[in-house]
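Asker: Quick one: the structure is below, and I'll ask about it shortly.
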Amino acid sequence: MGGAVSAGEDNDDLIDNLKEAQYIRTESVEQAFRAIDRGDYYLEGYRDNAYKDLAWKHGNIHLSAPCIYSEVMEALKLQPGLSFLNLGSGTGYLSTMVGLILGPFGINHGIELHSDVVEYAKEKLESFIKYRECVVFSAPIQLLDLEYPARRESHRARLGCPSSSTLSKPKPG
């Protein structure tokens, strides 16, 4: 899935194209996309496609197409202070963007099946924080699926996998 908008030369081009195609419709989603360079979440040597609206996978590491992430973020109507659960959180790219919208009082959990991907996501998060002067956000907590507390309520959830994405809004209780 993906390829809905033309390829950009850099992160700003990609976001401009997503806006023009009406995938990004709100200022908060646009700001989150602009704050995080998609290329930073690619493995070295594979960044040629980082700014195309395409999914990418290498081994267990994967990114969905940017149009999918923007649709997820717009559909969930994310707001500061909410909680977010990302099942199949991959590199943490989406979870980090969501954390910027949730702000410092939100709760942001990612569950990933593959331990190598969890470690990769943690490295990317550390790098994101290290190179920002002042970031106030809800940092994603990446967990292996067996570690997740079973009785935790989430306001918003996303189930992701390399071949498809499904949205879900859990009911309270």
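The values are calculated or read from the model by the stated rules, or taken from the named source; none is laboratory data. Nothing here was measured: the structure is a model prediction, and the numbers come from that model. Here the Cβ is made from the backbone with ideal geometry for all residues, glycine too, and neighbour counts use every protein chain on show. The accessibility values were calculated without ligands, DNA or RNA, using every heavy atom of the protein model including side chains. Shrake-Rupley method; radii C 1.70, N 1.55, O 1.52, S 1.80 Å.
Asker: Please go through segment 38-54 and pick out each residue that is closer than 22 Å to E112 by Cα and surrounded by 19 or more Cβ atoms within 10 Å (Cβ to Cβ).
Answerer: Those that are closer than 22 Å to E112 by Cα and surrounded by 19 or more Cβ atoms within 10 Å (Cβ to Cβ): R38, Y41, Y42, A50.
Asker: Here is a follow-up. Select, from A65, A75, A50, the only residue that is in contact with a strand residue (DSSP E or B) (Cβ under 9 Å, 6 or more places away or on another chain), farther than 17 Å from I36 by Cβ and not hydroxyl-bearing (S, T, Y).
Answerer: The unique qualifying residue is A75.
Asker: So which of L76, L82, L94, L100 ends up being of a type outside the set (S, T, N, Q), more than 14 Å from D40 (Cα to Cα), open to solvent by less than 20 Å² (accessible area, probe 1.4 Å) and at pLDDT 90 or above?
Answerer: L76
Asker: List the number of the failed condition for H114; all other conditions in (1) out of contact with any strand residue (DSSP E or B) (no Cβ under 8 Å at 6 or more places or on another chain); (2) modelled with pLDDT of 95 or more; (3) of a type outside the set (V, I, T) hold.
Answerer: Just one mismatch for H114, condition (2).
Asker: Note down all Cβ pairs under 9 Å where the first residue falls in segment 64-80 and is on the phi > 0 side of the Ramachandran plot, the second is among the β-branched types (V, I, T), and they're at least six residues apart or on different chains.
Answerer: From segment 64-80, the pairs are K77/T26.
Asker: Would you confirm, using the coordinates I've provided, whether E20 is open to solvent by less than 60 Å² (accessible area, probe 1.4 Å) and more than 20 Å from T91 (Cβ to Cβ)?
Answerer: Considered against the rule, which asks whether it is open to solvent by less than 60 Å² (accessible area, probe 1.4 Å) and more than 20 Å from T91 (Cβ to Cβ), E20 comes out as no.
Asker: Check I61, I36, I24 and return the single one that is farther than 25 Å from K130 by Cα, of a type outside the set (S, T, N, Q) and in contact (Cβ under 8 Å) with a residue 40 or more places away in the chain.
Answerer: I24
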